[in-house]
Amino acid sequence: MKRRLPPRATLEAQQAFKQAFGYRAAFTVSAPAVVELLGHHAEAHEGLALMAAIGRFVQMAASPRPDGKIELACAGHSGTECFWLSELKFNPAASWADPIKAVLMELRRHGVPFRGFNLAVHDGIPAQAGLGEVAAWQAAAALLVRKLYPFRLTDTGCLNRPPARDRYGQVPPPAQPERLALARMTHRASRSLSGVRSSLVEHLTVFCGRAYHALTVDCRHHSVETLPLLGQAALVICPSGVQGEDSAAQVQVRERAGHSAAQKLRARSLRAVNWAVLKEGRMHLNDLEFACAYHQVGETARVVFAERALREGDFLQFGQYLTQSHESARDFLQISCPEVDWLVEQALAQPGCLGARLAGPGFGGATVNLVTWNQYEAFVKKMAALYERYTGRRIQPLACPVVDGVE
């Protein structure tokens, strides 16, 4: 079933474009946020991740211009960022534009022929909540350039004959193989961004998400598979308002410990390690290496079991896997924080909550909660009130539909 976007799906981007440039944009794109249901640090260890694209969007609107310049505007930021295509480089004074510029740089490396344009952004994804904001920005930018100046990437990342416009001047959406290629391309672009962590899993989900379905991402083969996510439960995101200053560095420490554990266990990656191998090789690992390996082996197993639960429509069991994942991340990876642990504990005490865990790489961000449809409105109000009483900070829990990828 195709998602029918409401009339406001790109209205904010059109408004931002008209305010910045004085006329209506020719093309628009809407890219969803993503949430990790299971699979901490799967990409680093060739593991499995269970993801979903959710109904919070980055919107972009653009029109070509004849002088070869590119001018970028963003709602909430004063002024614009204007430059010649030949002078494409990062500007510390307008760092918000870096994700778009990184994509443009990567498109040039691929030999994609594009010229000048005006572009405006409206970001509706909660900041620092671990919901794939950078991946959504870059997916929207890549697809908008494709609409402005049609190109087609093959599954190997090479250029092919560009798609023809239809009678209305629209470019047909990319097929699944090209979406995978675009996801890999935008992920490579994200690596050039300083201080930004964006995983291939997020990029694949932004491009390949499907309404009413979860997405299993195999980080060894970079493949995706959809699973039905229909039933009696909704996904509710509770942002904590907390983001650890050294979260990226701490995540890297744990990923390096996982790599070291795999080497000592004589495995290509932790994906190849099972419980028997881990138990036998325990004496060769230090405490951090064992903790990271223990969590990762368990997380891969939880994804496999969760797939079965979703296929059978067993949301009660699926929710338990979410909670088990959080407990393992808290106790072994130690990537949680007091506010997130409190949110999970309180969520599980509410009627209708089937499971809860931290979302994103950890050390803050948000929690994702599986809540029955008949209880989610009361759940949202209760969690907001409890968190304000606990921390003095207001949060807005979000009940999010599961939607299609960027379009």
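Things to note:
- Residue check for Val303: within 24 Å of Glu225 (Cα to Cα) and at pLDDT below 95: no
- Only one of Pro361, Pro397 that is open to solvent by less than 60 Å² (accessible area, probe 1.4 Å), in contact with a helix residue (DSSP H, G or I) (Cβ under 6 Å, 6 or more places away or on another chain) and farther than 24 Å from Glu299 by Cβ: Pro397
- The residue that is farthest from Gly39 (Cα to Cα), counting only those in segment 343-353 that are under 24 Å from the mean Cα position of the chain (by Cα) and either without any contact (Cβ under 8 Å) to a residue 40 or more places away in the chain or open to solvent by 40 Å² or more (accessible area, probe 1.4 Å) (or both), is Cys353.
- Where strands (runs of 3 or more DSSP E) fall wholly inside segment 26-76, the ranges with 3 or more residues that are among the small types (Gly, Ala, Ser) and out of contact with any helix residue (DSSP H, G or I) (no Cβ under 6 Å at 6 or more places or on another chain) are 48-64.
- Here the condition is being free of Cβ contacts under 8 Å to residues at least 24 places away in the same chain and closer than 30 Å to Val196 by Cβ; of Arg266, Arg271, Arg256, Arg302, it holds for Arg256 alone.
- All positions within segment 319-334 that are open to solvent by less than 40 Å² (accessible area, probe 1.4 Å) and either within 21 Å of Arg308 (Cα to Cα) or in contact with a Ser or Thr (Cβ under 8 Å, 6 or more places away or on another chain) (or both): Gly319, Tyr321, Leu322, Thr323, Ser325, His326, Ser328, Ala329
- Some residue of segment 195-207 being surrounded by fewer than 22 Cβ atoms within 10 Å (Cβ to Cβ), in contact (Cβ under 8 Å) with a residue 12 or more places away in the chain and over 24 Å from Gln250 (Cα atoms): no
- Near pairs, Cβ below 7 angstrom, 6+ apart or cross-chain, from segment 92-118 (farther than 16 Å from Ala189 by Cβ and without any contact (Cβ under 8 Å) to a residue 40 or more places away in the chain) to any residue that is of a type outside the set (Asp, Glu) and open to solvent by 10 Å² or more (accessible area, probe 1.4 Å): Pro113/Tyr149
The values are calculated or read from the model by the stated rules, or taken from the named source; none is laboratory data. Predicted model only: the values in this text are computed from it and were never measured. When we count neighbours, we look across all protein chains shown, and the Cβ atoms used for this are built from the backbone with ideal geometry, even at glycine. Keep in mind that these areas ignore ligands, DNA and RNA; they rest on the heavy atoms of the full protein, side chains included. Shrake-Rupley method; radii C 1.70, N 1.55, O 1.52, S 1.80 Å.
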